[in-house]
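What follows is one structure encoded as structure tokens, with my remarks underneath.
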Amino acid sequence: MNNKNLGKELCLGSGIFGLIGGIILVIAPLLLISTLSTDIISESGASTSGSVIIFTIIKIASIALGILCLIKYKGCNQVITGGPILLIVGGAVALIPFIGSIGGIIMIIGGGICLGSLGRFKKKEMEEQK
């Protein structure tokens, strides 16, 4: 694979998703409690079911983005492999019941590392211009 043509969009998207998705998963227990209380009052289960499905989609998408980043940037020195790996681990840990918040924290760290890798792309572009 030609390392010169690797775009930074996937790395940027994974970083932003890791930060936002991780924050959502950290506050997910509070959101579930509020939707559960709403469902108890209205005697339905629609909002709790919907929020659980949304949180599960976030967890699975984190794993998928981490795998895509690892595959795309394999052998590339511009992206630190710790970021995508932490996205995968964070999504997998978040799938385990009752410890989703810990997975969210791991996703936040992985997203931060992915965003930190963007500086390496800028250095590479500046070296190519010289």
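The values are calculated or read from the model by the stated rules, or taken from the named source; none is laboratory data. These figures come from a predicted structure and were not determined experimentally. FYI the Cβ positions are ideal-geometry reconstructions off the backbone, even for glycines, and counts take in every protein chain you see.
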Scope the stretch 11-25; condition buried (at least 18 other Cβ atoms within 10 Å of the Cβ) and of a type outside the set (F, W, Y); matching residues: C11, S14, G15, G18, L19, G21, G22, L25
The listed residue being surrounded by 14 or more Cβ atoms within 10 Å (Cβ to Cβ), under 27 Å from V79 (Cα atoms) and at pLDDT below 90, out of K8, K4, K59: K8
Residues being closer than 17 Å to C11 by Cα and under 13 Å from the mean Cα position of the chain (by Cα) - total across the stretch 92-128: 10
Single residue of L87, L68 found to be of a type in the set (A, V, I, L, M, F, W, C) and surrounded by fewer than 19 Cβ atoms within 10 Å (Cβ to Cβ): L68
So I16, is it within 19 Å of R120 (Cβ to Cβ), of a type in the set (V, I, T) and in a helix (DSSP H, G or I): yes
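Taking the stretch 66-94 on its own, how many of its residues are aliphatic (A, V, I, L, M) and closer than 26 Å to L30 by Cα?
Of the residues in that region, 7 qualify.
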The stretch 67-92 residues that are charged (D, E, K, R), paired with ones that are assigned to a helix (DSSP H, G or I) and surrounded by 17 or more Cβ atoms within 10 Å (Cβ to Cβ) (beta carbon under 8 Å, 6 or more apart): K72/L10
Verdict on K59 being among the basic types (K, R) and more than 29 Å from E127 (Cα to Cα): yes
